[in-house]
Amino acid sequence: MTMESSPAPSVPAPPLIWENTGFWEAVKLHQLVFQRCKNCGKWLHPPRPSCPSCRSLEKEWALSAGRGKVHSWVTYRESPHPAFRAPYSVVLVDLEEGVRLVSNIVDAHPDEISIGMPVEITFEDIAGDLTLPRFRKVA
Ligand SMILES: [Zn+2]
C-alpha cells in the first residue's frame, strides 16, 4: 500500500467579466493597470462601465506606479479556504493614483502591518494560469 499525498488545494481564481478582463490580463504580465476616464482623467477601480464623476463611457487602461499605503487590514487566524494558510492578512491599499485595491502582504508578519505603512506592488504566479497582485513593505 502506498501513501499518496493529495494535491495542494487551488487558490480560487477571480471571475472574469468584461469590465475587469484588462486588469487581469495586465496582472498576468506583471503590470498593475486601472481604468482611467478619458474625459476627466479620474482613475477608477473596481472597473465599471461609466465614470462616476463625469458619466463618460470613454475609458482607457493606464499603468499604475504600484505604490501606496495600507488603508486598513484584517488578519485571519483561521482559514476560510484550504488554499489559504492562516494566519494571513488581507489589506486595503490606497494607491497613489487614488484608487483602493484589496490584496495581501507577502513579506510582513501580521503584527508588522500598520495603517499608513508604505507598500509597493509585487506579483505572485500561482500554480496553473493564475497571477495575483500582492504588496510588500517599502524599506
Ligand atoms: Zn470622468
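Taken together, the values in this text are just the output of simple stated rules run on the coordinates, not laboratory data. It should be emphasised that the depicted structure is a prediction, and the values quoted were computed from it without experimental measurement. Don't worry about glycine lacking a Cβ; one is built from the backbone with ideal geometry, like all the others, and counts go over all protein chains shown.
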Cα shape, the chain, gyration tensor, a/c 1.5 rule: oblate
Shape category assigned to region 13-55 from the gyration tensor of Cα positions, a/c cut at 1.5: oblate
3J(HN,Hα) from dihedral phi, region 39-55, Karplus parametrisation 6.51/-1.76/1.60, rounded to Hz, x for glycine, proline: 8, 10, x, 5, 7, 10, 6, x, x, 8, x, 9, 6, x, 8, 10, 6
Inter-label distance for E96 and H109, nm, one decimal - labels placed 7 Å from Cα along Cα-to-Cβ: 3.1
Nonlocal amide H pairs with K59, under 5 Å, H built at 1.01 Å: K38
Gyration tensor verdict on region 68-108 (Cα atoms; rounded if a/c is under 1.5, prolate if a/b is larger than b/c, oblate otherwise): prolate
For region 113-123, Karplus couplings with θ = phi - 60° (6.51, -1.76, 1.60), whole Hz, Gly/Pro x: 7, 8, 5, x, 5, x, 9, 9, 6, 9, 10
Antiparallel content of DSSP bridges confined to the chain, in %, to 5: 95
Label-point separation in nm, F123 to E19, each point 7 Å along Cα→Cβ: 2.4
